[in-house]
Structures are given as C-alpha cells and as structure tokens.
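In what follows, a single structure is set out as structure tokens and then discussed.
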Amino acid sequence: VVSADPLADTPERAAFRTALRSLIERESPVERVLELDRAHTFDDALHRRLGELGVLALGAPPEHGGAGDVRDQVVAVEELAAGPTSMAVFLIVHYMALQLLSEHGSPAQRETLLASLVTGETRIAFALTESGGGTDVARAMRTRAVPDGGGWVLSGTKLWTSGALRADALLVLARTDQEEGEGARAGIDGITIFVVPRSADGVTVTELDTLGVHSLDTCEVVLDGVRLEGEAVLGLTGRGFRHVLATLNRERLNVAAGALGAGRGALEAAVAYAREREAFGRPIGAFQAVQHALVDGAIALESARGLIVRAAEIEAAGGRADLLASMAKVAASEAAVRITSEGMHLMGGFGYSLNFPMQRWFRDVRLWTFAPLANEMLRNHLGERMLGLPRSF
Ligand SMILES: Cc1cc2nc3c(=O)[nH]c(=O)nc-3n(C[C@H](O)[C@H](O)[C@H](O)COP(=O)(O)OP(=O)(O)OC[C@H]3O[C@@H](n4cnc5c(N)ncnc54)[C@H](O)[C@@H]3O)c2cc1C
C-alpha cells in the first residue's frame with residue numbers, strides 16, 4: 001500500500017523500522033534498559049545485534065560494507081532513543097565518525113577502522129570538547145599536537161567524551177599550528193583530527209558522573225605526550241575543525257531524531273498511564289487538562305518530525321538543509337524536554353520512582369538542548385541565516 005503521506009517511510013524503510021522495533025522489544029525491554037541504566041552499563045549484546053541488522057553500517061560507503069543514508073540513520077536513532085536512549089547517543093557519535101572517515105579517511109583508515117566500525121568489531125569516541133567551553137570550542141581549545149620526526153606528540157585534556165572508556169579508538173581534535181587569515185582568527189583553522197588508539201601510552205580515560213545517558217560512559221580523556229605516527233592524521237592537517245563543521249547537519253538531524261524518539265517513548269508511556277490511572281472515578285486521561293497537555297506534546301513531536309524528514313530528504317539528495325536541520329534540533333529537543341516534564345507530572349509518584357522509565361527519559365533528553373550545540377547558538381544561526389538579522393555572537 002502506498003501511503004498518501006509524503007513524509008511516510010518508504011516500504012523498505014518501514015520494514016527496517018519494524019525489524020529494529022522488534023529487535024529492541026526482544027533485546028532491550030523496559031526493565032533491562034532500567035537495570036543497565038542503574039548499573040551504568042553499556043549493552044554489549046544489543047550493540048552486537050545492531051551490527052548484525054546493519055544498523056552500524058548506515059551511511060558508510062558500500063565498498064566498506066555500508067548501506068543506506070541519513071534517512072535510515074534518523075529512523076535507527078529515533079527507534080533506539082524511544083527505548084535504550086543511551087544507545088541512540090552512542091549511534092549519533094558512531095554515525096559522525098563514519099562520515100568523517102568516509103569523507104576524509106586515508107585508504108588504510110578506511111580499510112581498517114571504517115570497515116571494522118561498520119561490523120561493530122570496533123568502537124570509536126569523538127573528543128572535541130574541553131573544560132574551557134564546548135560552544136566556542138575552537139577558541140577554547142588547549143589540546144596541542146607538535147610535530148616530532150615524521151609523527152606528532154599530543155597533549156591536553158578532553159571533557160565529556162561519550163563512550164571513551166569502551167572505545168578502541170578516539171578521534172581527537174588538537175591545535176597543530178597558528179595559521180593566518182579569517183579562519184585562524186576565529187580559531188577554526190589550525191586544528192587537526194587525530195586517530196588515537198585508546199590503548200596508546202599517555203592516554204588516561206576516567207568516567208564522569210552525569211545526570212543521564214548512564215548506559216554510555218561520559219569521560220575525561222587526558223592525553224599526556226601521546227606519540228602518534230604521521231598516518232594518525234585524519235583528513236587535512238589544520239583543517240580538522242572544518243571537516244567536523246561539514247558533518248554538523250547530519251549530526252543535528254540525528255540528535256533531533258534522538259529527541260523525537262525519546263519524546264515519543266515518553267508520550268506513549270504517559271498516554272498509556274493516563275488511560276489506566278483513575279481519579280474521581282474516571283481515567284485521568286478523561287480530564288481535559290491532562291488530555292490537552294498530551295495533545296500539545298504530540299503536536300510538538302509531529303512538527304519536529306516534519307522538519308526532520310524534510311531536512312533528511314534534502315540532505316540525502318545532496319542539497320543544503322542546514323536551516324531545517326537547525327530548526328529540527330531546536331524543535332525536537334524542546335518538545336522532548338516538555339513532554340518528559342509533563343510525563344513526570346502526570347505520573348505523580350510513579351514518575352518520580354526510579355523503577356519506572358519516565359524519569360530516565362526526563363534525565364536523558366536534557367542533554368540535547370545544550371549538546372552537541374546549545375539551542376541558543378542554533379537560534380543565533382537561524383536569526384542570521386534565515387531572518388537576515390545581524391550576527392548576534
Ligand atoms: C553527556 C554528555 C555527552 C557529551 N559527549 C560529547 C562527546 O562525545 N564529544 C565531545 O566532544 N563533546 C561531548 N559533550 C560536550 C557537549 O558537546 C558540550 O557540553 C556542549 O557543546 C556545550 O558546551 P559546554 O558544556 O562547555 O557549555 P558552554 O559552552 O559553557 O555553554 C553554556 C551555555 O552558555 C550559553 N551560551 C553560550 N554561548 C552563547 C551565545 N553565543 N548566545 C547565547 N547563549 C550562549 C548556552 O545556554 C549554553 O548552553 C558531551 C556533553 C555531555 C553532558
């Protein structure tokens with residue numbers, strides 16, 4: 001049956017969504033997600049199954065075992081975020097690394113690292129942010145790599161690196177030189193991406209305590225005189241930050257899809273509860289105040305979905321969707337925060353209980369209003385590029 005909805009999944013994508021949904025129901029039921037969240041444990045078994053289903057290969061080039069594009073990635077991230085949200089966060093970083101390696105990797109980096117990420121044999125983390133600030137990260141960057149013979153010596157400290165504890169390799173951004181020109185003045189040029197083995201001498205990873213996303217470690221990464229071969233550079237020396245900027249549209253879409261999924265999971269749980277829970281002799285979902293809050297949540301999510309799907313189609317066709325992707329990220333992350341807040345309120349004590357999933361979504365989605373980029377910065381970007389207002393930062 002061909003749907004009349006232009007935003008509906010194609011039959012192939014709908015089949016993929018169904019297959020992934022049933023894998024998540026089987027491998028990652030609500031109780032298991034809560035248990036792993038409480039134990040701060042990554043779901044290795046689910047990661048393996050995602051490799052088998054081809055989820056880890058989405059967006060990679062076919063010659064390295066890849067298939068699909070950003071439209072498939074947003075489906076995967078949405079479905080995972082609706083259940084084991086930490087795995088969606090893992091996947092967002094993974095897809096960004098696939099893009100960087102596909103677009104800029106040397107033949108050796110593609111044949112070894114990219115190919116093994118696609119199968120799930122290896123895992124990667126992305127270390128950009130530092131303690132001096134993530135929003136204005138290029139200017140705040142203190143991590144340095146200095147040439148040494150044919151190689152480099154890397155020193156500095158990265159903060160909030162997702163998945164570093166369990167990663168085989170880290171993509172680390174470091175200052176390599178002081179260049180001239182506008183890019184250098186803005187701090188954008190003179191930064192290089194390095195592929196750093198997690199086990200290299202001088203790399204120390206420490207897990208940090210955070211509010212949410214507990215089934216994926218968030219880490220501090222100390223790089224103390226790490227010696228790297230010349231081949232450790234990913235892409236062009238001094239142009240690493242520009243390589244990263246080029247991945248941001250897709251990352252934004254994937255983050256929006258994560259917020260959409262988590263918001264959807266929370267909304268469905270809240271609706272189910274509102275149907276069952278009784279007060280004054282009727283289900284609380286029969287009270288107009290409750291019903292309207294849930295409907296407003298559904299409207300916010302569907303609005304975000306429209307932006308995500310439209311932007312993903314443009315991106316997949318090779319067009320520019322930066323404004324739509326920025327709008328999608330703001331709309332979806334704010335919808336998710338609002339819905340999980342309403343959900344907590346609606347479920348009363350059961351919302352507050354750590355034995356029910358609403359509080360996990362409530363904690364997890366808070367990440368996405370300020371990371372990977374704060375919504376204020378996206379509004380700044382939209383004010384300038386969409387509305388033609390003066391640059392505000
Ligand atoms: C769980 C978690 C996982 C993460 N994973 C990774 C990872 O894998 N790799 C990585 O590199 N980083 C990661 N990060 C870091 C994340 O990208 C940063 O936290 C984010 O970029 C914000 O940076 P910051 O925390 O330094 O906040 P700051 O840069 O200090 O910004 C704080 C606030 O200031 C305000 N602000 C700043 N500039 C402006 C402006 N121009 N106009 C208006 N308001 C402004 C915004 O409200 C912003 O939220 C992660 C963070 C967390 C918490």
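What follows draws every value from the coordinates through simple rules; no lab data is involved. Please read these numbers as outputs of a predicted model, since none were measured by experiment.
Starting from the Cα gyration tensor of the stretch 142-233, take the square roots of the eigenvalues, sort them a ≥ b ≥ c, and report rounded, prolate or oblate (rounded when a/c is under 1.5, otherwise prolate if a/b is larger than b/c, else oblate).
Oblate, since a/c reaches 1.5 and b/c is not below a/b.
For the chain, list the DSSP H helices whose alpha carbon atoms reach 20 Å or more along the long axis and whose average Kyte-Doolittle value is 0.0 or above?
Span-like helices here: 85-104, 248-276, 288-316, 322-346.
For the stretch 98-163 and the stretch 212-271, compute the distance between their C-alpha centroids and round to whole Å.
About 11 Å separates the Cα centre of the stretch 98-163 from the one of the stretch 212-271.
Could you tell me whether the stretch 238-344 comes out rounded, prolate or oblate from its Cα gyration tensor? Rule is a ≥ b ≥ c as square roots of the eigenvalues, rounded for a/c under 1.5, then prolate if a/b exceeds b/c, otherwise oblate. Mind showing how you got there, number by number?
On the way: a/c = 4.07, a/b = 2.97, b/c = 1.37.
Taking the square roots of the gyration eigenvalues as a ≥ b ≥ c, the stretch 238-344 is prolate.
So what's the Cα pair-distance distribution over the chain, bin width 10 Å, in %?
Once binned at 10 Å, the Cα pair distances of the chain give 5, 23, 33, 25, 11, 3, 1, 0.
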